[in-house]
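Peer 1: Before anything else, here's the structure in question.
The values are calculated or read from the model by the stated rules, or taken from the named source; none is laboratory data. Note that the structure is a prediction, hence the values are computed from the model and not measured. Methodologically, a virtual Cβ is constructed for each residue, glycine included, from the backbone with ideal geometry; neighbour enumeration extends over all protein chains shown. Quick note on the areas: whole protein, heavy atoms, side chains included, nothing else; ligands and nucleic acids left out. Shrake-Rupley method; radii C 1.70, N 1.55, O 1.52, S 1.80 Å.
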Amino acid sequence: MGRGIRIARVFGIDISIHPSWFIILLLIVWSLGTGTFPAIYDDWSTVQYWLVAVISALLLFASVLVHELAHSLVALRQGTPVKGITLFFLGGVASIEREATSPGREALMAGAGPLMSIVLGGSFLGLGWAITSPEVLQAIFLYLGLINLVVAAFNLLPGFPLDGGRLLRAAIWAIRGDFVTATRDATRVAAVIAVGLMVYGGYMALTGNLIGGLWLVFIGWIVIQSSQASYAQTLTQERLKQVPIRRVMARLRGWVAPAAGLDETEVELAELRARCLPVGSDPEHYDGLICRSDISGLDDGRSSGPSHTSLTAADVMVDREHMPTIAASDPASEAWQAMTDQKIDRLAVLDDGKLVGFIDRRRLSRYLELHPGGQRPAA
Ligand SMILES: [Zn+2]
């Protein structure tokens, strides 16, 4: 999913809205304003139907946001960085990049969202029961009470990576003691759940509820896709844990002088068939790293400024101070994680304080392609 429009920052977490969200918001407002509320309350004015529909839909998404915040706050408490929360057409998603480190932590993080939805649902139902007039206010409370319980129930389906599936994985992980096995089994259960949703959705579509049925088929398809992708990601992480960075990194093939012109640098990169070269002259006192993409990126985005020919390698390189580093003996999974956490593409690899190579995402992907190891999830 692409990035959305940032609307707020809560507890240091960026809240964004994906463009697809506006479409679903309009659909929900329309269906509440022309279907749900008129069917239950027959003596409101048109303005009242629409007003209540808009408020209810916005509060529904506020509730979804609170659900995601619950996941995120538990993650932050556990020391796991949260990149942000995005609202999109299926609801909300919190970008929690790191997997939990124990079944108990995973269960807490996964359970927090549905628990919050149940608390919200119960509270709104209580308000709707206690406050009976004005009727429009009660209608909003009752709707939010029920819809939050629906959100909780849906997320508790054991279709990994839905919250219920994560709880299931945590349980299997606790019993079997192995994260990869637990992920594999949770992925298999998710496939069963997803097929169930799709079959039921197909039945609904054929027996009169076309939109609702197709929606369920679509959700089932999303569950299958995302559970398989999560499993593949888990296998990747596990495989990279077994490999030291030294085995995956690109070794230094030569050096570029700081004063070298860009054309000269490009020739050097091509001749040495290197994607990146260190700038300087020795591994202990290197100045920085320059890559083909640094030079080609320059041509794309530049409209003014010094011409290509007057720039030197030292002007364009990522200098030593700004170059994140990692130890050659660390597992390759650490490199992947560091690049994801810091939103960077490249790390300098050091051995005993000396520059010995560099590693980037392409290098890691390529290693995985050349050394296929994990079995694919059985659906
Ligand atoms: Zn959730």
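Peer 1: Hey, what D do you get for region 313-353 in µm²/s if you plug the Kirkwood alpha-carbon radius into Stokes-Einstein at 4 °C and 1.567 mPa s? Before the final figure, lay out each step's value.
Peer 2: On the way: Rh = 11.1 Å.
Answer from the Stokes-Einstein relation: 117 µm²/s.
Peer 1: Could you work out the pair-distance distribution P(r) of region 124-268 from its alpha-carbon pairs, with 10 angstrom bin width and percents rounded to whole numbers?
Peer 2: In whole percents, the pair-distance histogram is 11, 21, 19, 18, 12, 10, 6, 2.
Peer 1: Hey, another quick one. How large is the dipole of the chain about the Cα centre if only Lys and Arg carry +1 and Asp and Glu carry -1, each at its Cβ, rounded to the nearest 20 debye? Let's see the in-between values first.
Peer 2: Details: 31 positive and 34 negative charges, 207 e Å.
In debye, rounded to 20, the chain gives about 1000.
Peer 1: May I ask you to derive the FRET efficiency for residue 42 and residue 22 from their Cβ-Cβ distance with R0 = 45 Å, giving the value to the nearest 0.05?
Peer 2: Efficiency computed from Cβ-Cβ geometry: 0.90.
Peer 1: Next question, about the same structure. Could you check how much of the accessible area of region 30-90 is carbon and sulfur, as a whole percent, using a 1.4 Å probe?
Peer 2: On the way: 1910 of 2870 Å².
Looking at region 30-90 in its full context, I get 67 percent from C and S.
Peer 1: Considering only 95, 117, 281, give the residue with the highest GNM mean-square fluctuation for the chain, with springs between Cα atoms whenever their separation is below 10 Å.
Peer 2: Comparing 95, 117, 281 in a Gaussian network model of the chain, the most mobile one is 281.
Peer 1: Which FRET efficiency, nearest 0.05, do residue 174 and residue 370 yield, Cβ-Cβ r, R0 51 Å? Walk me through the intermediate numbers first.
Peer 2: On the way: r = 35 Å, r/R0 = 0.69.
E between residue 174 and residue 370, to the nearest 0.05, is 0.90.
Peer 1: So what are the radius of gyration and Dmax for the Cα set of region 1-156, in Å?
Peer 2: Looking at region 1-156, its Cα Rg and Dmax stand at 16.9, 55 Å.
Peer 1: Along the Cα→Cβ direction, 7 angstrom out, place labels at residue 251 and residue 78. What is the inter-label distance in nm?
Peer 2: Distance between label points: 4.1 nm.
Peer 1: Tell me what the chain gives for mean residue ellipticity at 222 nm when only DSSP H runs of n ≥ 4 count, each as -39,500 (n - 2.57), the sum divided by the residue total, rounded to 500 deg cm²/dmol. If you can, show how the numbers build up before the last one.
Peer 2: Details: 14 runs with 221 residues, N = 379.
Dividing the helical sum by the residues of the chain leaves -19500 deg cm²/dmol.
Peer 1: So which chymotrypsin sites (Phe, Trp or Tyr not before Pro) in region 30-86 pass both tests, a DSSP loop state and at most 15 other Cβ atoms within 10 Å of the Cβ? Numbers along the way, then the final one.
Peer 2: Details: sites: 30, 41, 44, 49, 50, 61; in loops: 41, 44.
Within region 30-86, the qualifying chymotrypsin sites (Phe, Trp or Tyr not before Pro) (loop, at most 15 other Cβ atoms within 10 Å) are 41.
Peer 1: Report Rg(Cα)/(2.2 N^0.38 Å) for region 155-240, keeping two decimals.
Peer 2: Numbers: Rg = 14.3 Å, N = 86, 2.2 N^0.38 = 12.0 Å.
Taking the Cα Rg and dividing by 2.2 N^0.38 Å, one obtains 1.20.
Peer 1: Once you've got the GNM for the chain with C-alpha springs shorter than 10 Å, pick whichever of 11, 358, 179 has the biggest mean-square fluctuation.
Peer 2: Fluctuation is largest for 11.
Peer 1: Still on this model: Go through 162, 337, 20 and say which Cα lies farthest out towards the positive end of the charge dipole of the chain; charges sit on Cβ, +1 for Lys and Arg, -1 for Asp and Glu.
Peer 2: 162
Peer 1: Oh, and also: Which longest uninterrupted range of the chain lacks any trypsin sites (Lys or Arg not before Pro) assigned by DSSP to a loop state (not H, G, I, E or B) and surrounded by at most 12 other Cβ atoms within 10 Å?
Peer 2: Values: sites that count: 3, 273, 302, 343.
With a cap of 12 other Cβ atoms within 10 Å, the longest stretch comes to 4-272.
Peer 1: If you take the C-alpha gyration tensor of the chain, multiply each eigenvalue by 5 and take the square root, what semi-axes do you get, largest first, in whole Å? Don't skip to the answer; put the middle values down first.
Peer 2: Numbers: eigenvalues 487, 132, 70 Å².
Taking √(5λ) for each Cα gyration eigenvalue gives 49, 26, 19 Å.
Peer 1: Relative to the Cα centre, what is the charge dipole magnitude of region 158-241, using +1 at the beta carbon of each Lys and Arg, -1 at the beta carbon of each Asp and Glu, and rounding to the nearest 20 debye?
Peer 2: Details: 7 positive and 4 negative charges, 42 e Å.
Dipole of region 158-241, to the nearest 20 debye: 200 debye.
Peer 1: How are the Cα pair distances of region 78-194 distributed, in percent, across 5 Å bins from 0?
Peer 2: The distribution over region 78-194 is 2, 12, 16, 18, 18, 13, 8, 6, 4, 2, 1, given as percents.
Peer 1: Write down the accessible area per residue of the chain in Å², having rolled a 1.4 Å probe over the full set of protein chains. Mind dumping the intermediate values first?
Peer 2: Numbers: 19530 Å² over 379 residues.
Result: 52 Å² per residue.
Peer 1: Sequence neighbours fewer than 8 away in the same chain don't count; with that in mind, list the lysines whose C-alpha is under 29 Å from residue 354.
Peer 2: The qualifying lysines are 241, 343.
Peer 1: Averaged over every viewing direction, what's the projected area of the C-alpha convex hull for region 1-90? Give it in nm², one decimal, please. Could you put the intermediate results ahead of the total?
Peer 2: On the way: hull surface 26.4 nm².
Averaged projected area of region 1-90's Cα convex hull equals 6.6 nm².
Peer 1: What is region 158-241's relative contact order, in percent, from Cα pairs under 8 angstrom and six or more apart in sequence? Spell out each step's value before the answer.
Peer 2: Values: 104 pairs, mean separation 25.6, N = 84.
Normalised by residue count, the contact order of region 158-241 is 30 percent.
Peer 1: Let me ask another. Just in region 76-162: which chymotrypsin sites (Phe, Trp or Tyr not before Pro) are loop by DSSP and have at most 15 other Cβ atoms within 10 Å?
Peer 2: The qualifying sites are 89.
Peer 1: About the Cα centre of region 1-156, what is the dipole size in debye to 20, counting +1 per Lys and Arg Cβ and -1 per Asp and Glu Cβ, all else neutral? Show your work: numbers first, answer last.
Peer 2: Details: 7 positive and 8 negative charges, 117 e Å.
Computed about the Cα centre, the dipole is about 560 debye.
Peer 1: Subtract the Cα-Cα distance of residue 351 and residue 195 from 0.36 nm times their separation in residues, and report this length gain in nm to one decimal.
Peer 2: Working: separation 156, 0.36 × 156 = 56.16 nm, distance 5.00 nm.
Result for the pair: 51.2 nm of gain on full extension.
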